[in-house]
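**Q** Submitted below is the structure of interest, expressed as structure tokens.
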Amino acid sequence: MSRALPKYDKRRVGLIGGAAAVAPSGAVIAGSALAGELSGDAGGTSARPLAGPGTVSCPDVASRLPAIPASARAEVQRNLEQLDTQVREADQRLVDTVGQGGPDFVRNAVLGPLEDKRVAAINRIATAIGRTAERPSGLAPLAACTLTE
């Protein structure tokens, strides 16, 4: 007698095994989706943070730049606008992620990546100026931003 399962039994085993693998996944997904829900809310009010998410505050780069050569003005202006856009996006990310993560979430998910982007933009500004004039120095500390409440 053959030890192999008949073809229809193999399908049944595969179907049952697949369903058994999917069921715990669905429970995990449902549990994580409901993790933020409040239970036992007797007063009918929901919990909300007492303070807003705050705003990102960054040093002004434009005021610290030397005279910008005419040939670099467009590129410098484009990068300065990009710095402003990056701060607005970080502020929006703060609003969108209120209550998420642990104590270091804002530093790791918002301020850290923002600083990396600002370093790149400031370097592009310095390079643009440095092509036709003396490259500005001392701009690196302007990349760091803080959270104001």
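The values are calculated or read from the model by the stated rules, or taken from the named source; none is laboratory data. This is a predicted model, so every value here is computed, not measured. Every residue, glycine as well, gets a Cβ built from its backbone with ideal geometry; the counts of neighbours run over all protein chains shown. To get the accessible areas, we keep the full protein, side chains included, count just its heavy atoms, and leave off ligands, DNA and RNA. Shrake-Rupley method; radii C 1.70, N 1.55, O 1.52, S 1.80 Å.
**Q** Can you pull out every residue in region 32-73 that is over 26 Å from Glu149 (Cβ atoms), modelled with pLDDT of 55 or more and loosely packed, with under 11 Cβ neighbours inside 10 Å?
**A** The answer is Ala67, Ala70.
**Q** So which residues in region 116-149 are in a loop (DSSP other than H, G, I, E, B), farther than 21 Å from Asp91 by Cβ and open to solvent by less than 80 Å² (accessible area, probe 1.4 Å)?
**A** Passing the criteria: Ala133, Pro136, Gly138, Leu139.
**Q** If you take the residues of region 89-103 that are open to solvent by 70 Å² or more (accessible area, probe 1.4 Å) and at pLDDT below 90, which of them is nearest to Gly54 (Cα to Cα)?
**A** Gly99
**Q** Restricting to region 104-115, count the residues that are open to solvent by 70 Å² or more (accessible area, probe 1.4 Å) and either touching a residue at least 40 places away in the same chain (Cβ under 8 Å) or in contact with a helix residue (DSSP H, G or I) (Cβ under 8 Å, 6 or more places away or on another chain) (or both).
**A** So the count comes out to 1.
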